[in-house]
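Undergrad: Take this structure first; my questions come after.
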Amino acid sequence: MGILCKIASMFGFGSCDKSDEKAAVKPAVKAKAKAAKKTSVASANGKKYVLIGAGPASVRAAETLRKADANCSITMIGEEVESPYSRMALPYYLSGMIKEQGTHLRKSDGHFDGLNINHVHAKVEKIDAKKNKLALNNGDSYDYDQLLIATGSRPANSPFPGSENKGVVNCWTIADGREILDTIKPGSKVALLGAGFIACIIVEAMLKRKVDLTVMLGRTGQMVSRMMDETAGEMIKSWCEAKGVKTILPSSIKSIEAGPALKRDDGSLTEFDLIIVATGVYSNIEFLDDSGIKTDQGILVDASLRTNIKNIYAAGDVAQGVDFSTGGQSVHAIQPTAVDHGRIAAVNMMGGASHYKGSLGMNVLDTAGLVSTSFGSWGGVEGGDTTTLVDEENYKYVRLNFKDDLLVGAITVGRTDFIGVMRGLIQSEVPLGEWKEKLIEDPTLIMNAYLAKSLDVA
Ligand SMILES: Cc1cc2nc3c(=O)[nH]c(=O)nc-3n(C[C@H](O)[C@H](O)[C@H](O)COP(=O)(O)OP(=O)(O)OC[C@H]3O[C@@H](n4cnc5c(N)ncnc54)[C@H](O)[C@@H]3O)c2cc1C
């Protein structure tokens, strides 16, 4: 089991792509892929499947299609020159825990050729949904019977002018990872603009590289404010500060200057060796303008991952699909959701009837050794009940949110023992009955509640 799978399964990400190191499917076709130019060519009776993107969602979809149909034509178009890789692995690459090849989603040479999956390195610029055709930035065009859009997301621009200066990077692609590693050494001065989920993971990697780190907090002065409440965010912040991380507020920064340097509100310049921008993410949907595909924050999809157009599906970070907690549609930009989406979309593209029952908003974060989690409605629900247990001195926190006698959301800091159980109780929607009051008195009884009530239901 690879390091990513170990981490994912440790925290109850049951849907970790276990084929991380092995092919998910046995090659149905051994033939070498022919370089498809201009248009993808279906074999004898095969359908033409085109997948845009070469991340976890697309890779899983391509392998699912091939496993079921040895004859269809599968073209996976990704704009990066790399072998398909996992962005989730970048922090482990940065910290030195894995080498670059360890970030690859499939480790064996020729994996995609062996499955007769045609991996094209180009950017899709336009979709003509009426003619079932795509236009690429290299002048080629592809037609399709069924299309999957899995273009993921991209980092938000820095909120300050000057991010084009040398030494200002994102941490999004392998190319970014290489640039960061080429620049930093122990003692380097690094500013990290952002304090969200991805920024916190980068903190961990930077501290392992022993850099002198300054982190720009969120507008409210909090860390991870989109996935944790104030108590948890404060604990994570003071944990980082205790590890030597300096924190600054966005309001204290005017601009990014050459150097690179941060111009502060008092006019002074603080120089850095590197400035990493990690201030949020957006789904990659701009190229869909005029395509007729309906979008909001992402591409709107139903439970089968189908868009408003019959033969076009979307999966992963770019898809705005069923949300387990709210019943509405949300973008859940995490890898387990992307992998699930990819598989389910592929089944449906082949005419199957697989439904996604909704992703549970779920975050598991290791910030310089302090593990924190949030699940479902972590901020509570209107008219619901909440119980908390705080031990600031030892960086331990548990929060449980209930609606009637159901557990609907939870947060933990400094405790990994409850993670699987919390997720299980929320997802299985087991009525807690008398155990709700016991948990309000003592949230640490959650394992007992799980065993009592889940076994009842079983
Ligand atoms: C630093 C970092 C740490 C992370 N840590 C975690 C974590 O711990 N746990 C977790 O669950 N998730 C984590 N994530 C998020 C996770 O990586 C994403 O949820 C996952 O990559 C989504 O997969 P995807 O296939 O939808 O999109 P992506 O992996 O983004 O792949 C999208 C693909 O589409 C391509 N593309 C985009 N536009 C076009 C176009 N127009 N034409 C052709 N190709 C295009 C891209 O080049 C790429 O190949 C992390 C992300 C980052 C950046």
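Undergrad: Are there trypsin sites (Lys or Arg not before Pro) in the stretch 105-154 that DSSP puts in a loop and that have at most 15 other Cβ atoms within 10 Å, and which ones?
TA: Taking the stretch 105-154 and a limit of 15 other Cβ atoms within 10 Å, the loop trypsin sites (Lys or Arg not before Pro) found are 107, 123, 130, 131.
Undergrad: Per-residue HN-Hα couplings for the stretch 362-370, Karplus 6.51 cos²θ - 1.76 cosθ + 1.60 at θ = phi - 60°, whole Hz, x for Gly and Pro?
TA: Result, rounded to whole Hz: 8, 10, 10, 10, 10, 9, 6, x, 9.
Undergrad: Of 48/310; 99/243; 48/357; 237/263, which ones are farther than 21 Å apart at the Cα?
TA: Too far apart for the 21 Å limit: 99/243; 48/357; 237/263.
Undergrad: Additional query: Give me the mean projected area, in nm² to one decimal, of the convex hull enclosing the Cα positions of the chain.
TA: Values: hull surface 91.3 nm².
So the Cα hull casts an average projection of 22.8 nm².
Undergrad: State the antiparallel share, in %, of DSSP beta bridges confined to the stretch 168-279, rounding to the nearest 5.
TA: Details: 7 of 22 bridges.
Antiparallel bridges make up about 30 percent of those DSSP assigns within the stretch 168-279.
Undergrad: Taking the alpha-carbon centroid of each part, what is the distance from the stretch 103-156 to the stretch 72-92 in angstrom?
TA: Rounded to whole Å, the Cα centres lie 10 Å apart.
Undergrad: Additional query: Mind listing the phi-derived Karplus ³J(HN,Hα) values for the stretch 113-122, rounded to whole Hz, using 6.51, -1.76 and 1.60 with θ = phi - 60°, and x for any glycine or proline?
TA: 4, x, 8, 6, 9, 7, 9, 9, 9, 6
Undergrad: Taking amide H atoms as placed 1.01 Å from N in the peptide plane, list the residues 5 or more away in sequence, or in a different chain, whose amide H sits under 5 Å from that of residue 371.
TA: 414
Undergrad: Cross-link list 403/453; 126/294; 126/166; 403/438: which exceed 20 angstrom alpha carbon to alpha carbon?
TA: Values: 403/453 16 Å; 126/294 15 Å; 126/166 31 Å; 403/438 15 Å.
Distance filter (> 20 Å) returns 126/166.
Undergrad: Sticking with this structure for a sec: If you keep only loop residues by DSSP, which GluC sites (Glu not before Pro) in the stretch 90-197 have at most 11 other Cβ atoms within 10 Å of their Cβ? Kindly include the intermediate steps, with their values, before the conclusion.
TA: Details: sites: 100, 125, 164, 179; in loops: 164.
Here the GluC sites (Glu not before Pro) that fit, given the DSSP loop and packing criteria, are 164.
Undergrad: Another question, if that's okay. Report the label-to-label distance for residue 226 and residue 441 in nanometres (one decimal), using points 7 Å from each Cα along the Cα→Cβ vector.
TA: 4.0 nm
Undergrad: Express in whole angstrom the spacing between the alpha-carbon centres of the stretch 272-341 and the stretch 387-458.
TA: 30 Å
Undergrad: Can you pull the one-decimal nm distance between simple spin-label points at residue 252 and residue 135, each 7 Å off the Cα toward Cβ?
TA: A separation of 4.9 nm, rounded to one decimal place.
Each reported figure results from applying straightforward, stated rules to the coordinates on display, with no laboratory input. Here the structure is a predicted model, which is why all the values come from computation and not from measurement. Note: ideal-geometry Cβ built from the backbone for every residue, glycine included; neighbour counts use all protein chains shown.
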